[in-house]
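Data block below; observations after.
The values are calculated or read from the model by the stated rules, or taken from the named source; none is laboratory data. Treat the numbers as computed from the prediction; the structure is a model and nothing was measured. Cβ coordinates were reconstructed from backbone atoms using ideal geometry, including for glycine residues, and neighbour counts include every protein chain displayed.
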Amino acid sequence: MESNSSIITSAYLAVDYMDSLLPQNPLQEPFKNAWNYMLDNFTKFQIATWGSLIVHEFVYFLFCLPGFVFQFIPAMQKYKIQPDKPETLEKQWKCFKVLLFNHFCIQLPMICGTFYFTEFFNIPYDWDSMPRWTIIAAQCFGCSVIEDMWHYFLHRLLHHKKIYKYIHKIHHDFTSPFGMQAEYAHPAETVILGAGFFIGIMIFCNHMILLWAWVTVRLLETIDVHSGYDIPLNPLHLVPFYAGARYHDFHHMNFIGNYSSTFTWWDKLFGTDSQYLAHYEKVNASLEKKNK
């Protein structure tokens, strides 16, 4: 434990030193004023509970908006991964109703524990204790790595033939996913896979801001991989080993393999990406023949 702690401390110091070499962010002062205004006008309980709920709902539907709009833009259809399975308003309305239930009846009670978590571990809220953005980015990456490991093994377990039809089958109602479907799941799955979100928080959290930063990063990733569109200029493609929409779209189309949430290394290690690789090898070979 001491060696792990020293490694994390050394990583923090290294990132902190690199950040000190960068110029000051021009948005820092307005953000500071807004943060202090929030602290002056709301209690910690209100910030941790209702603030977290607002952040989750705003970020979720904001990130879903581009994919929703794409279905009405003909020029974007060339980026649709499964063009023969378009979204329908009926499917999206069905998804939206399940989302509202999951968000307010399953996730909200979990969010209510945020305040007690921050109190128990003495997590600060004040501006002066807030880590620099580079530290927060490094913490979010660490949370992503941990969540991805949890998601791979638990997601793969949920695909076991004795369990699948009772829980995970609901998430696979749509063989061609769309962004809003990212959190469309059985309540038990919301808790089981959602638990991976909190493991990194328990390890890295040293300020309230990380909770909101990490939920933003996690929602951005999961909505992107469920979007159904493979956009060439997607900045997330710059992240090493990032799986992306095409990778996870194949999981919904094929049901077997590609169990990771964010990165590709667990699937590569256990060979659960073999059907995906074979499929796109055939697709690329077919495209080469057409272009000759």
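Here are a few things to note about the model shown:
- Some residue of region 183-191 being surrounded by fewer than 19 Cβ atoms within 10 Å (Cβ to Cβ) and small (Gly, Ala, Ser): yes
- Top-ranked residue of region 213-252 - restricted to ones that are surrounded by fewer than 22 Cβ atoms within 10 Å (Cβ to Cβ) and among the charged types (D, E, K, R), ranked as farthest from Phe197 (Cα to Cα): Asp230
- Among the residues making up region 140-168, a single one is basic (Lys, Arg) and touching a residue at least 24 places away in the same chain (Cβ under 8 Å): Arg156.
- Candidate set from region 130-150 (those that are among the aliphatic types (A, V, I, L, M) and assigned to a helix (DSSP H, G or I)); member that is nearest to Asn36 (Cα to Cα): Ile136
- Cross-chain or 6+ apart pairs with Cβ under 7 Å, region 30-52 first and within 20 Å of Ile201 (Cα to Cα), then surrounded by fewer than 15 Cβ atoms within 10 Å (Cβ to Cβ) and not polar (S, T, N, Q): Ile47/Met38
- In the condition set (1) in contact with a Ser or Thr (Cβ under 7 Å, 6 or more places away or on another chain); (2) under 18 Å from Phe63 (Cβ atoms); (3) in contact (Cβ under 8 Å) with a residue 40 or more places away in the chain, Met253 is compliant with all but (2).
- Leading residue by the ranking (farthest from the chain's Cα centre (by Cα)) among those in region 124-140 that are surrounded by 16 or more Cβ atoms within 10 Å (Cβ to Cβ) and within 23 Å of Glu57 (Cα to Cα): Tyr125
- Matching option when the condition is outside any loop (DSSP other than H, G, I, E, B), exposed (fewer than 15 other Cβ atoms within 10 Å of the Cβ) and modelled with pLDDT under 95, among Pro23, Pro30: Pro30
- Conditions (1) modelled with pLDDT of 95 or more; (2) within 30 Å of Ile135 (Cα to Cα): number failed by Gly271: (2)
- Residues satisfying the stated conditions in region 62-75, i.e. surrounded by fewer than 17 Cβ atoms within 10 Å (Cβ to Cβ), of a type in the set (Phe, Trp, Tyr) and assigned to a helix (DSSP H, G or I): Phe68
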